[in-house]
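A short write-up of the structure that comes next.
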Amino acid sequence: MKVVIIKYNAGNICSVDYGLKRIGITPVITDDAECIRTADKVVFPGQGEASTTMNYLRERGLDRLICELKQPVLGICIGMQLMCRHSEEGDTDCFGIFDADVRRFVPQRHEDKVPHMGWNSLTDMQGKLFEGLPDNSYVYFVHSYYVSVTNDTAATSDYIHPFSAAMQRDNFYATQFHPEKSGSTGEMILRNFINL
């Protein structure tokens, strides 16, 4: 099985590579369009800033390529946010795979810190990505921007207010949290994705 991690100007590619190797998958890290197009599974991870990341992807035609993929695609963190329609971060138009906007967390109380960082639980988990996991499983988040709960929400978490912890539409799967940093729960999510 050929698993590709899309290479671009984003952090956390190495940790995703290591997370996949822990479950016995040696991925190819590439920005080569043909290599991505012919992969069995594609992972689109990232930590970074929305507008500079979208500019980088557009310059290389990777934005169009990702939207055209037919195999299972997993977006992680900013990978999920860029699959949405628009992000407040840098007033950025994104892929539009999910009909949703990305907004910045606004603290409501003194103890609300942005970014939302650390372990939080998942509820309302739906779909094959979460098979075998109990409700309220804990995963690891680091993000200042969020997507509200929509028709494409596949799991919910709560920080300041409920938000989409995961999304799915057709062959596109996405997590706001980092499965590669989420212990045995994240490992199972990665396995479930590989087994789709």
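Structure notes:
- Accessible-area composition of the chain, carbon plus sulfur, in percent [1.4 Å probe]: 46 percent
- With θ taken as phi - 60° and the Karplus curve 6.51 cos²θ - 1.76 cosθ + 1.60 applied, the whole-hertz 3J(HN,Hα) list for region 3-8 is 10, 10, 9, 6, 8, 7 Hz, x standing for glycine and proline.
- Among the listed pairs K70/K181; K21/K70; K21/K113; K70/K128; K7/K128, those beyond 22 Å (Cα-Cα): K70/K181; K21/K70; K21/K113; K7/K128
- Built amide H within the under 5 Å cut-off of T92, gap 5+: S87
- Distance (nanometres) between label positions extended 7 Å along Cα→Cβ at K113 and C14: 2.4 nm
- For the chain, the solvent-accessible area works out to 44 Å² per residue, with a probe of 1.4 Å and every protein chain left in place.
- With a Förster radius of 25 Å applied to the C-beta separation of D93 and E34, the computed FRET efficiency comes to 0.40.
The values are calculated or read from the model by the stated rules, or taken from the named source; none is laboratory data. Given the structure is predicted, the values throughout are model-derived calculations rather than measurements. Neighbour counts run over all protein chains shown; Cβ positions are idealised from the backbone, glycine included. Ligands, DNA and RNA are excluded from the accessible area calculation, which covers all protein heavy atoms including side chains. Shrake-Rupley method; radii C 1.70, N 1.55, O 1.52, S 1.80 Å.
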